[in-house]
1. For LEU554, LEU330, what ranking results if the residue with the fewest other Cβ atoms within 10 Å of its Cβ goes first?
2. For the stretch 404-551, what is the charge dipole size about the Cα centre, in debye to the nearest 20, if Lys and Arg each add +1 at the Cβ and Asp and Glu each add -1 at the Cβ?
3. Provide the gained length on full extension for the span LEU282 to ARG552, in nm with one decimal, where the gain is 0.36 nm per separating residue minus the Cα-Cα distance.
4. State the Kirkwood hydrodynamic radius of the stretch 132-197 in Å, one decimal place, computed from all pairs of distinct Cα atoms.
5. Find out how many positive minus negative residues lie around ALA11, taking Lys and Arg as positive, Asp and Glu as negative, among other residues whose Cβ is under 14 Å from that of ALA11.
6. Which angle between 0 and 90 degrees, to the nearest 10, do you get for helix 529-540 versus the longest principal axis of the chain when only C-alpha atoms count?
7. Assign unit charges at the C-beta atoms only (+1 for Lys and Arg, -1 for Asp and Glu), then state the dipole size of the chain relative to its Cα centre in Debye, rounded to the nearest 20.
8. Could you state the angle between the C-alpha long axis of helix 98-108 and the longest principal axis of the C-alpha atoms of the chain, as a value from 0 to 90 degrees rounded to the nearest 10?
Amino acid sequence: MLERLAITGFAVARSVVVEPGPGLNVFTGETGAGKSLVVDALAFALGARRGREVIASGAGHATVEATLSLDGARVVVERTVGLSGRTSVRINGAVATLDDARALASRAADIHGQSEQLAILRPAVQLEVLDSFGGLAGERRAVAQAVRELRDVRRRLHALATDARERERLIEQLRFEAGEIAAAALSPGEDEALRQERSRLADAGRLTEDVEAALGALDASEAGEAVRAVADIAARDTTAGELADLGLLLESTVTDLARALRRYRDSIEHDPRRLTEVEERLDLIVRLRRKYGETVSEIIAYGREAEARLAELGAGEERIEDLAARETELLAGLAADATRLSLSRRQAAAALVQALGVELERLGMGGAGLGVGFSCDDDPGGPAVALPDYELVAAGEAPGGPAEPFARAISETGVDRVEFLASFNAGEARRPLAAVASGGETSRFLLALTTVLGASAEPRTVVLDEVDEGVGGRAGALVGEALSRLAERHQVLCVTHLPQVAAFASRHFVVSKQSDGARTWSEISEVTGDDRVRELASMLGGPGEANQAVARELLAAAGERDAARLTAPG
């Protein structure tokens, strides 16, 4: 239930606070006063698509705060939009998103703006209404999920079929690349090792000369004489023992260096053939690097990827067979699921037609003939369902007989094309609602539909904007009584121009225009007692005594109707 709505800088409102109560809350006012302000503001707070165009003239931003009672808890939703167009949402003070607000709206409120009277004329909206009434969300989701998978399977099959030539070309390319890399038999770090080996092989002659020169210098050196002289010094002078030690170290170092040089000289390869092999191997690696990667490791990785891609492409035919089998399986499943959904819709349509007939009779349209037409389109690629091309579900109409299975077009909503049919004049054939309904008839039909759908829904806030549009005074009392019945289960907020409707309200709010000469804005105030009588009289044509007397009669009659209905058995 909506407990409070605070509106600041929104549309024609400077600062407005409305606190509706349970039951039927009506909003009235002169033309141009902004009676739809509450409807638009609540829709804005609960996530409707609105931009900076809702900001009041001269304001820097628009803010709407809605306080809701939901599942025993109080929830405060605040939405603001600035001149930049950026919007912000908070729920109970925490930052939230528009999707969060919309999710809350789906649980808390049904908002029927003036455009909804036109929307109900569209077959797509009528299908949504029928599924909602029949509680068919689960069956519909199952069909939608299978249809999405079928589309995906067919997309993949198409890609595999249309890309067959490209796949063959790619297979040949990948086969060559993988073979070239495999034939090279590379190992990580091989190029660096080869470069070092090439350097040694290329410099073998020079290295040998350098070793021989070093050995010759060691052999020709007088290091031995120096060592013997130092030993004599140490023998004659005991303080020169360190010199003797160093002499011995020198002799040992020379011996070790000579031995190491000879080993190194023996390890030097003089192999021109090996040098050629190493250079050719390095040239191969350079060529592969130009094509497959900056390093040997990257070349090896490329080869592995090419082999994996080859295996995947090679399995293309097997995948086509698997996908084709899945397509067949999905079509069979969809045939059963879509048929089940369609039959459930026909049952729901029969119940909806009956319930709408009762409500329309209460609204003074007892002669209305209602029906729901079901049709299917052919599609050779669709599931084979045993449904007739066309079937009318209506009072007095025999159900369609059995039909041969035939491939039908299917979407995420199933195979059905649904259209509400009506005849509001005796003797006329039923035709699409859009072709036969006047403004007043559409309004009453929408009210009847809202009442029927609300009969089984959880209590919530139902917002109706000009639901009595095109309805005259005689039918107004019937509309008011219907709204009062709806308000027994739900909180109802209704914008009306009819005093016969307003008389049934539990709470009556008046929207009025105010001006300071420079700007005009709207205010909303609740009226009770004599103020309410005067407002109803103004709606009747003026505040005179005669109209006030009629207003009192309307209030008394509405009270009597409510009392009689509430005390009636059943």
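1. Working: LEU554 26, LEU330 20.
With the fewest neighbours first, LEU554, LEU330 line up as LEU330, LEU554.
2. On the way: 14 positive and 20 negative charges, 36 e Å.
Dipole about the Cα centre, nearest 20: 180 debye.
3. Here the answer is 86.5 nm.
4. It works out to 17.1 Å.
5. Residues close to ALA11 contribute a combined charge of +3.
6. 90 degrees
7. Numbers: 66 positive and 90 negative charges, 513 e Å.
The dipole of the chain has a size of about 2460 debye.
8. 40 degrees
Each reported figure results from applying straightforward, stated rules to the coordinates on display, with no laboratory input. Quick caveat, the model's predicted, so the values are computed rather than measured. Positions of Cβ are generated from backbone atoms using ideal geometry, with glycine treated the same way; all protein chains shown enter the neighbour counts.
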